[in-house]
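Encoded as structure tokens, the structure appears first; notes follow it.
The values are calculated or read from the model by the stated rules, or taken from the named source; none is laboratory data. Being a predicted model, the structure only gives us computed values, none of them experimental. No Cβ is skipped: glycine too gets one built from the backbone with ideal geometry, and neighbour counts run over all protein chains shown. Keep in mind that these areas ignore ligands, DNA and RNA; they rest on the heavy atoms of the full protein, side chains included. Shrake-Rupley method; radii C 1.70, N 1.55, O 1.52, S 1.80 Å.
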Amino acid sequence: MILRQELPKDYETVHHLIAESFATAEHSDGNEADLVAALRTGPSFVPALSRVAEVQGEIVGHILLTKAHVGSTTVLALAPLSVKPQFQRQGIGRALILDGHAVAKRLGFSYVLVLGSRAYYTRFGYAPAARFHIEAPKGVPSDHLMAICLWENPGPIQGTLIYGKEFSL
């Protein structure tokens, strides 16, 4: 498996990958691929944090981390994580998450937040965002908002998570 930065030539393939991976997802609004396309054109996008996984030359997974804010602190929002259905449960999602964290840390980001399954994301060190004094935006279920700190002593953080405008939250 090769993990690398997504390139513009990958956009169409990744669009189809995201749509396919969320087609049967329990919690999906069906707009995940369009959200990624919108995020790529906005100020929250960090090209190095749009990552793909390739197996034998085929893109089988994608993760996107974009800038968001908690108070005056710039954080990252993980959304979405996509793996082709026939490649799920093979460690590709895990590899993408860990790779995304490593790149984010190299770029100097301290926190990554995700709105997702507690059973899944706690495996990677995510904890309820409230433990970090981070509140969910209005209308977002706070029990599914989780955060991870990439540094040992990142400094104080407190406030409500503000996603990029593309999220419409």
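For segment 18-157, count the residues as N, evaluate 2.2 N^0.38 Å, and divide the Cα radius of gyration by that value, please. Please report the intermediate quantities before stating the final value.
Working: Rg = 14.6 Å, N = 140, 2.2 N^0.38 = 14.4 Å.
Relative to the 2.2 N^0.38 Å estimate, segment 18-157 comes out at 1.01.
List the aspartates and glutamates whose Cα sits under 14 Å from the Cα of K165, skipping any in the same chain fewer than 8 residues away.
Here the aspartates and glutamates satisfying the reach criterion relative to K165 are D34.
Over the chain, with the other protein chains present, what is the accessible area per residue in square angstrom, probe 1.4 angstrom?
Numbers: 8800 Å² over 169 residues.
For the chain, the solvent-accessible area averages 52 Å² per residue.
Using every Cα-Cα pair within segment 1-73, state what percent have a distance larger than 16 Å.
Counting every Cα pair in segment 1-73, those more than 16 Å apart make up 52 percent.
Students often check this: by mean Cβ neighbours within 10 Å, which of 106-118, 72-84 ranks highest, and how do the rest follow?
72-84, 106-118
Find, to one decimal place in angstroms, the Kirkwood hydrodynamic radius of segment 70-137, where the mean of 1/r is taken over every pair of different Cα atoms and then inverted.
13.2
Over the chain, what relative contact order in percent results from Cα pairs under 8 Å that are six or more residues apart?
Taking the mean separation of contacting Cα pairs over the length of the chain, I get 21 percent.
So, in Å, what gap is there between the alpha-carbon centers of segment 29-77 and segment 145-169?
15
Probe radius 1.4 Å, ligands and nucleic acids ignored: give me the carbon and sulfur share of the accessible area of the chain as a rounded percent.
Summing carbon and sulfur atoms, their accessible area is 52 percent of the total for the chain.
On a 25 Å Cα-Cα criterion, which of the cross-link pairs K9/K67; K84/K138; K105/K138; K9/K84 come out too long?
K84/K138; K105/K138
In whole Hz, with x marking every Gly and Pro, tabulate ³J(HN,Hα) for segment 146-157 from phi via Karplus 6.51 cos²θ - 1.76 cosθ + 1.60, θ = phi - 60°.
10, 9, 9, 9, 8, 10, 5, 10, x, x, x, 9
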